[in-house]
1. Filter the range 308-348 down to the residues that are within 19 Å of F233 (Cβ to Cβ) and free of Cβ contacts under 8 Å to residues at least 12 places away in the same chain, then identify the one that is surrounded by the fewest Cβ atoms within 10 Å (Cβ to Cβ).
2. Please state which of the following conditions L183 fails to meet, knowing it meets all the rest: (1) surrounded by fewer than 23 Cβ atoms within 10 Å (Cβ to Cβ); (2) outside any helix (DSSP H, G or I).
3. Quick one: which of T132, T125 is more than 30 Å from E363 (Cα to Cα) and loosely packed, with under 15 Cβ neighbours inside 10 Å?
4. Six or more apart or on different chains, Cβ atoms under 7 Å: show the pairs whose first residue is in the range 80-104 and in contact (Cβ under 8 Å) with a residue 40 or more places away in the chain and whose second is surrounded by fewer than 15 Cβ atoms within 10 Å (Cβ to Cβ) and not aromatic (F, W, Y).
5. Which condition number in (1) modelled with pLDDT of 95 or more; (2) over 20 Å from D215 (Cα atoms); (3) of a type in the set (D, E) is the one that E194 fails?
6. Starting from residues that are open to solvent by 50 Å² or more (accessible area, probe 1.4 Å) and either modelled with pLDDT of 85 or more or outside any loop (DSSP other than H, G, I, E, B) (or both), keep the ones in the range 10-42 and report whichever is nearest to H161 (Cα to Cα).
7. Scanning for something closer than 21 Å to A121 by Cβ and open to solvent by 10 Å² or more (accessible area, probe 1.4 Å), does the range 187-195 turn up at least one residue?
8. If you go through the range 68-116 one residue at a time, how many are open to solvent by less than 30 Å² (accessible area, probe 1.4 Å), among the aliphatic types (A, V, I, L, M) and farther than 21 Å from H296 by Cα?
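The values are calculated or read from the model by the stated rules, or taken from the named source; none is laboratory data. Please read all numbers here as calculations on a predicted model, not as lab measurements. Counting neighbours? That spans all protein chains shown, and the Cβs are built from the backbone with ideal geometry, glycine included. Surface accessibility is based on the protein's heavy atoms, side chains included, excluding ligands, DNA and RNA. Shrake-Rupley method; radii C 1.70, N 1.55, O 1.52, S 1.80 Å.
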Amino acid sequence: MRAFPSYPPPRLIFWETTAGCNLACLHCRRITVADQLLPQDLSTAEAFDLIDQIAAFARPIFVLSGGEPLFRPDIFAIARRAADVGLLVALATNGTLIDAAVARQIKESGVRRVSISFDGADAATHDLFRGTGAFERALAGMQHLREVGVPVQINTTVARHNIHQMDQMLALAKTQGAQALHLFLLVPVGCGVEIAPEQQISGAEYEQVLHWMYDAEMAGGIELKATCAPHYFRIVRQRQAEERRRGIVRRRPDSHHRQQRAGGAHAGDRPGDAQRAMNAMTKGCLAGTGVCFVSHRGDVFPCGYLPVEAGNIRRQPLQEIWEKSTLFADLRDASLLRGKCGLCEFKNICGGCRARAYGMTHEYLDEEPFCTYEPQTTIQPSSSRLVEM
């Protein structure tokens, strides 16, 4: 029988509150999106039980996602329950359903940050993916949230249609008073499989975007974070090493100093603690290591983009799944990585996107298919020992 060593609790738990959504975005990770709540959705009582299970062993950021979480009439009661037991509650929405009254309810429910998805810096680009009028309605939703004092971040999925708009996306986030800009690199799963041939950018373009992000982050003024782009952590190390060689000294963003213990423990109640935890920089791929995803039916996955089930909370406690899942144990063991990820000297801080590997080969331990870096290691013919070059 496999031994499962002690492992820290998750620092982020995403719960897909429902598959229902008022939009049908082209690049949604779901293959099917409903225009109403589904009978398979966890009930209010089951949602409360999930929250209590989480609070019993962890104090993560608890992200209410979807579908569209504002589709659920009980979403504010659920958020309040999570906040009351000590979880940092975030809400991930398309923003189009937020009016003044909804913004006040979000504030009163204890949500600490709202992420709104923008897939372009202008209406023409954004609405191409999300439908006519979505851009202006999302901007209006952000304004309502600002008026009641709820911090907002912008989430942007980087793909072929908007890769040329990174400067404009950053400007949009700043002019709209967002706390952060999070960049998501397209993962070819769900609907992403269908649009990948037209929208997937190349490995070289990924590198360009991540180098742009490093420069933008170092320039300051707003929090930036890469998601589904674990090789950003390798780029940070490489750029910092190059700057040291050149004698360049500049202040590092706060996120670069929180790579070891950010988020997993209770984030505290001091001013700014919640926002610092939201932007904590830990390591690259967090699937099954710092993150897990609970579907609207209770299925537990390593992340929202890796469709390999570890268990179901309707059959098994979440803590048991987190601590005893063979799938999670595999993802926590960097020695199991294959291909150049297995040889890479950065594998413990990057790890490659496990969902992208699965999306391309159906093997979640395979090498990251969109990383251009060649490991600086070789394997001696007479030994399996790695030798640094």
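1. Among those residues, the one meeting the criterion is S335.
2. Checking L183 against (1) surrounded by fewer than 23 Cβ atoms within 10 Å (Cβ to Cβ); (2) outside any helix (DSSP H, G or I), the one that fails is (1).
3. That would be T132, the only listed residue that is more than 30 Å from E363 (Cα to Cα) and loosely packed, with under 15 Cβ neighbours inside 10 Å.
4. Going by the 7 Å Cβ cut-off, the qualifying pairs are G86/H266; A103/E147; A103/V148; R104/V148.
5. (1)
6. Of everything passing the filter in the range 10-42, F14 is nearest to H161 (Cα to Cα).
7. Scanning the range 187-195 turns up at least one residue that is closer than 21 Å to A121 by Cβ and open to solvent by 10 Å² or more (accessible area, probe 1.4 Å).
8. Total satisfying the criteria: 3.
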